[in-house]
1. Could you grab me the full set of residues in the stretch 55-101 that are exposed (fewer than 15 other Cβ atoms within 10 Å of the Cβ), more than 20 Å from Met345 (Cβ to Cβ) and polar (S, T, N, Q)?
2. Which residue, of Arg167, Arg193, Arg162, is assigned by the TED database to the domain that holds Val54, of a type outside the set (Val, Ile, Thr), surrounded by fewer than 24 Cβ atoms within 10 Å (Cβ to Cβ) and in a strand (DSSP E or B)?
3. Scan the stretch 107-128 residue by residue and report those that are basic (Lys, Arg) and either touching a residue at least 60 places away in the same chain (Cβ under 8 Å) or crowded, with 22+ Cβ neighbours inside 10 Å (or both).
4. Run Gly284 past the list (1) over 21 Å from Glu77 (Cα atoms); (2) modelled with pLDDT of 90 or more; (3) in the same structural domain as Ala117 (by the TED database) and report the number of the one that doesn't hold.
5. At pLDDT below 95 and open to solvent by less than 80 Å² (accessible area, probe 1.4 Å): which single residue out of Ala104, Ala31 fits that description?
6. List the number of the failed condition for Gln285; all other conditions in (1) open to solvent by 50 Å² or more (accessible area, probe 1.4 Å); (2) assigned to a strand (DSSP E or B) hold.
7. Looking at (1) open to solvent by 10 Å² or more (accessible area, probe 1.4 Å); (2) of a type outside the set (Gly, Ala, Ser); (3) on the phi < 0 side of the Ramachandran plot, can you tell me which one Leu172 breaks?
8. Here are the criteria: (1) farther than 20 Å from Arg180 by Cβ; (2) surrounded by fewer than 20 Cβ atoms within 10 Å (Cβ to Cβ). Tell me which single one Cys290 does not satisfy.
Amino acid sequence: TYNAHPSAMTARTNGKMGMRQQAEDPAAMLAIGTTNPTNLLQPQDVFAEKLFRVTKSDHLTELKEKLKRICKHTCIEKRHFHLTEETLGAHPEFLDRELPSLDARIDMVATDMPKLAQSAAAKAIAEWGRPATDITHLVFSTYSALQAPSADLKLATLLSLRTTVCRTILSLHGCYGGARALHLAKELAENNRGARVLVACAETTLICFGSPNRANLVGHALFGDGAGAVIVGAGPFSEGERPLFEMVTTTQNTIPWTEHVISMQATAGGIDFHLAIQVPMLIGQNVERCLLDAFDGDAPASWNELFWAVHPGGRPILDNIDTVLKLEPGKLAASRRVLREYGNMSGATIFFVLDELRRRRKKEEDSGHLLLPEWGARPSGRESPSRPCCFALHANPCRRS
């Protein structure tokens, strides 16, 4: 839980030394935007056949049948990809990990990935209703960009943000990057009165793509491309600003001795991504303890008292969380729908889940049958506010936000 330091910080404002005041209220999400590449929408039921064809791997029949079985059990129906068959034809080195391809991948990502983030951010800014020049901070999370000038500067330029915008980039955080970026945005908003933080996350599998082998089948079956953005600010709110989720508290918990379970390493052949099969089991074994630590003695009597925004790392992960926490049917419906429609887009996925949650809430409000509870977390001594409060669970064995 973040506890603001009582002392104010000095800052130079309009050429004078002033006092940077803290906000009056907890941070809130004020707008959400999401997007996917338009190059390729790939149905899951034909993915294995197409992957093995375009990578000239059809002779690996046993491996192809295994991927088909994995794809069938993911509960994913379709995914979006930036990488096209034409691009692979122009870059045969992408298929052979023994050939150097990192430079070519980085050059492609450096241009296209900030544009993907721009599309999501533009939607969030439009919903927010204020000009992009009112954004004071930018937090950009991605594992797809390995270059300087970095993706946050490129995104700021594409959006015509002020040259004084305070930029932070989070690199190689993987699936927990979106949750960690929101964590940081809350601290920035609450410690800088009037701050409006643009949080963006964009990922493309192009940086990791390779011909199928026994080590990467699960990754091929799960991951897709996408970008999400959220505007975060703390009160007092301007006229027209509409808080969607109040961010009451944020925590992060590390499961010891799990550093080997998920890893990413930049190599000459691209990013080498490792995902151990123990991930769902480790999350199931540790999720409740991590939640109890986060609530610090103020946990609800039942986890069903809360609404849930869970990063859908995969169907077994969601199933284990459902089972261990004894969640009612539908508690993870938003996460399951996002997984079904988009796959796992790494850190960007949590923005899609939050967007789906607010759509469901709006539908319930319009019908007069509000089912989602107000609280995604329940801090001590606080009455339920008029807007839902958010506790976003990111299920990652090494890091959880």
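1. Correct list: Thr61 only.
2. Checking each option against the conditions leaves just Arg167.
3. Lys123
4. Only one criterion is unmet by Gly284, namely (3).
5. Ala104
6. For Gln285, the failing item is (2).
7. Among (1) open to solvent by 10 Å² or more (accessible area, probe 1.4 Å); (2) of a type outside the set (Gly, Ala, Ser); (3) on the phi < 0 side of the Ramachandran plot, Leu172 violates only (3).
8. Every condition holds for Cys290 apart from (1).
The values are calculated or read from the model by the stated rules, or taken from the named source; none is laboratory data. Values in this document were obtained by computation on a predicted structure and should not be read as measured data. When we count neighbours, we look across all protein chains shown, and the Cβ atoms used for this are built from the backbone with ideal geometry, even at glycine. Ligands, DNA and RNA are stripped out before the accessible areas are found, and what is left, the full protein with its side chains, is counted by its heavy atoms. Shrake-Rupley method; radii C 1.70, N 1.55, O 1.52, S 1.80 Å.
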